[in-house]
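Asks: One structure, pasted below without further comment.
What follows draws every value from the coordinates through simple rules; no lab data is involved. Here the structure is a predicted model, which is why all the values come from computation and not from measurement. Using ideal geometry, Cβ is built from the backbone for each residue, glycine included, and neighbour counts are taken over all protein chains shown.
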Ligand SMILES: Cc1cc2nc3c(=O)[nH]c(=O)nc-3n(C[C@H](O)[C@H](O)[C@H](O)COP(=O)(O)O)c2cc1C
């Protein structure tokens with residue numbers, strides 16, 4: 001059984017909706033080979049990461065950077081993952097009021113150290129809330145889950 005881990009910080013109702021849509025998208029492919037775990041990043045420890053076949057990471061952009069919860073997620077888990085998760089397929093979505101680039105850049109710096117493998121271009125959900133964000137997150141979850149199921153990563 002493969003595991004898809006979906007984590008985000010969840011400071012608002014909208015960010016909860018986004019995480020839920022990613023999960024629903026992953027479930028939508030109906031694979032019996034994938035266990036999907038979605039969670040507030042604050043609850044995730046390195047054991048869950050080590051067991052994962054792929055990870056989808058969500059964050060808001062706050063003050064030009066990833067959220068404190070996602071920085072904490074890396075701070076708590078980086079050392080235990082280093083050299084044990086090389087090549088872990090990952091995808092990133094960022095909810096930003098008007099930018100998102102600082103978050104993308106800085107998450108990529110951390111992930112360069114971890115040697116994870118980007119499997120989708122980062123999805124930046126920018127501006128005032130738009131219902132199309134839900135579809136974009138659903139599609140992200142579905143695409144990643146289909147890739148895991150087909151062993152293409
Ligand atoms: C303290 C704070 C700092 C923020 N800084 C940024 C920022 O630097 N760049 C940006 O694009 N959005 C910024 N935002 C907007 C958040 O990304 C946005 O509130 C978040 O994505 C939640 O959106 P939602 O209202 O759809 O839940 C900031 C929000 C807060 C509360």
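Asks: Here are the criteria: (1) within 19 Å of residue 135 (Cβ to Cβ); (2) in contact (Cβ under 8 Å) with a residue 12 or more places away in the chain; (3) within 16 Å of the ligand (Cβ to nearest atom). Tell me which single one residue 16 does not satisfy.
Replies: So residue 16 meets the others, but not (2).
Asks: While we're looking at this one, here's another question. When only residues in segment 94-153 that are surrounded by 19 or more Cβ atoms within 10 Å (Cβ to Cβ) and near the ligand (Cβ under 9 Å from one of its atoms) count, which is nearest to residue 31 (Cα to Cα)?
Replies: Ranking the candidates gives 133 first.
Asks: Next question. Sort through 104, 32, 27 and tell me the only one that's under 18 Å from residue 144 (Cα atoms) and touching a strand residue (DSSP E or B) at 6+ places or on another chain (Cβ under 7 Å). Talk me through it step by step, then tell me what you get.
Replies: Values: 104 fails: under 18 Å from residue 144 (Cα atoms); 32 fails: touching a strand residue (DSSP E or B) at 6+ places or on another chain (Cβ under 7 Å).
Answer to the selection: 27.
Asks: Which residues, counting only those in segment 51-71, are more than 21 Å from residue 147 (Cβ to Cβ), more than 9 Å from the ligand (Cβ to nearest atom) and surrounded by fewer than 18 Cβ atoms within 10 Å (Cβ to Cβ)?
Replies: If the condition is that a residue be more than 21 Å from residue 147 (Cβ to Cβ), more than 9 Å from the ligand (Cβ to nearest atom) and surrounded by fewer than 18 Cβ atoms within 10 Å (Cβ to Cβ), then 68 is the only one that fits.
Asks: Could you tell me how many of the residues in segment 118-134 are part of a helix (DSSP H, G or I) and out of contact with any helix residue (DSSP H, G or I) (no Cβ under 8 Å at 6 or more places or on another chain)? Give the steps one after another, and end with the answer.
Replies: Our first condition is that a residue be part of a helix (DSSP H, G or I); within segment 118-134, this holds for 132-134.
Checking the rest, the ones that are also out of contact with any helix residue (DSSP H, G or I) (no Cβ under 8 Å at 6 or more places or on another chain) come to 132.
Adding up the residues that qualify gives 1.
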